[in-house]
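Have a look at the structure below before the remarks.
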Amino acid sequence: MSTDRLDPTRRSFLANTAFGVGAVALAHLLHEEELLANPANVTPENHPLSLAPRSPHFAPRANAMISLFMHGGPSHVDLFDPKPELTRKHGTDYEGEVGFSFVNRASKKLFSTPWRFRKHGESGAEISELLPEIATCADDLCIVRSMHTGHNGHEVSIRFFHNGIPAQTGRPTLGSWLVYGLGSQSRELPAYMVLSDPGGPPVDGPVNWSSGFMAPLYQGTVLRPNEPRILNLDAPAKLKGAAQQRNLDFLDRLNRAHLERHPGEADLESRIQSFELAAKMQTAAKEALDVSREPRYIQEMYGLDDDATREYGTRCLIARRLVERGVRFVQLFLGGQPWDHHQGIKANLPTICRRTDKPSAALVKDLKQRGLLETTLVHWGGEIGRLPVVEGELNDAAGRDHNGQGFTIWMAGGGIKPGITFGATDEVGHKAVEDVVTPNDFQATVLNLFGLDHTRLAYQAGGRTQRLIDGREARVVKEILESS
């Protein structure tokens, strides 16, 4: 057989084989084993195209991160940032300037929260009655009330949070930079995994987990929202045993022919331990995603016994199982933007809180009881907040418009100082006015927790050196970090 025909046959074979390995497992194998040759123009400044573990710039506090991203803009003044002055001035006109996204429903009448706040834990953190379970974690949380994007739109702020520059696409996300900078802790699972929602993709779709100008190696691996979460993990009966071995032998012959055509790639191609390693990944993925292995009390802790919380709770529990097994970065998304309450906030905000509150709190508690919270950073938050003025009329159909000028996120674990509230918005919750934190500051701080200097972590692409925080001002928010 001509070797001219063997190479495309080999590629076709790898792409279409039904060994039961699954596309995710095979892609991870090929990349981790450095089978994809580096482009000729890659400079030495780029890390090798590999998921082999790499040393950080300095001693890390965190080695894994779980991001609970809340698309749509959770209303901070209804959840984490109580404003007595907003209550006092309810129904009066706001005297400051407001940027509206929906001018046809715009109003300057201040809209006080319909829900009560109460202090929790030794920290005394004030949290809304809508989040009773997260409130029980108050002493483990760092609540940042001074987030600021300066943009009110969803996509522009989502991209700012994920890839470092407002509005731009085609750039790697934070998860991609972490995996590029540090490699993988696991040889059996992808380093960057995305747990998608059965309700559909989030706003901005794959841009949320793209590797941009980096190799696809560093892109998030999306798990299906329903079982089976990875297709083709089980080999068809006809391909098991001797049949599989014959296919492996055939693949070995194809590899050898490929080596003859590409002398110099011998070290790379000889390391194709294709289906031996892929078989490990088969087993590891099935085991990691099987929450039925968890004790009943853990399943109940995440809300798997409740229709309202079962789906999100299952994904939070999977996230814990993944980082427990060495996955570097896990991100959970919600379909669409369920926190985007332009109307009916009194009915709709409690619904999404009910769905996510107990699972989010369970994740923090479970990581802590297993000794994993020390090295696992948990992030909860959206891309924007909501305005303190009403959208529409002050009645039961009232809503809130977008607000990127000041809003709240929280973090826990991974070197973050617990039991603190940091920063502040103005007296009615419109603008961040004290210890302002931008998405770039957030990114610089996350990288720092992983032992990476945001000014040093670089990637050559497009003829220049690129960074996550590319030519923009950013600071590591040292005030929220635990003392070394």
(request) Please work out the Cα center distance from region 303-370 to region 184-210, rounded to the nearest Å. (result) 15 Å
(request) Calculate, for region 411-475, the solvent-accessible area per residue in square angstrom, rolling a 1.4 angstrom probe over the heavy atoms of the protein chains. (result) 36 Å²
(request) Give the relative contact order (percent, whole number) for region 285-405; include only Cα pairs under 8 Å separated by 6+ residues. (result) 26 percent
(request) Assuming R0 = 51 Å, can you tell me the calculated FRET efficiency for the pair LEU231 and ARG467, based on Cβ-Cβ distance, to the nearest 0.05? (result) 0.90
(request) Give, in nm to one decimal, the length gained when the segment between ASP396 and THR92 is fully stretched (0.36 nm per residue of separation minus the Cα-Cα distance). (result) 107.7 nm
(request) Find the relative contact order for region 411-467 and round it to a whole percent, using C-alpha pairs within less than 8 Å whose residues are 6+ positions apart. (result) 18 percent
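The values are calculated or read from the model by the stated rules, or taken from the named source; none is laboratory data. In this text the structure is predicted, and so the values were computed from the model without any measurement. Every residue, glycine as well, gets a Cβ built from its backbone with ideal geometry; the counts of neighbours run over all protein chains shown. Heavy atoms of the whole protein, side chains included, go into the accessibility calculation; ligands, DNA and RNA do not. Shrake-Rupley method; radii C 1.70, N 1.55, O 1.52, S 1.80 Å.
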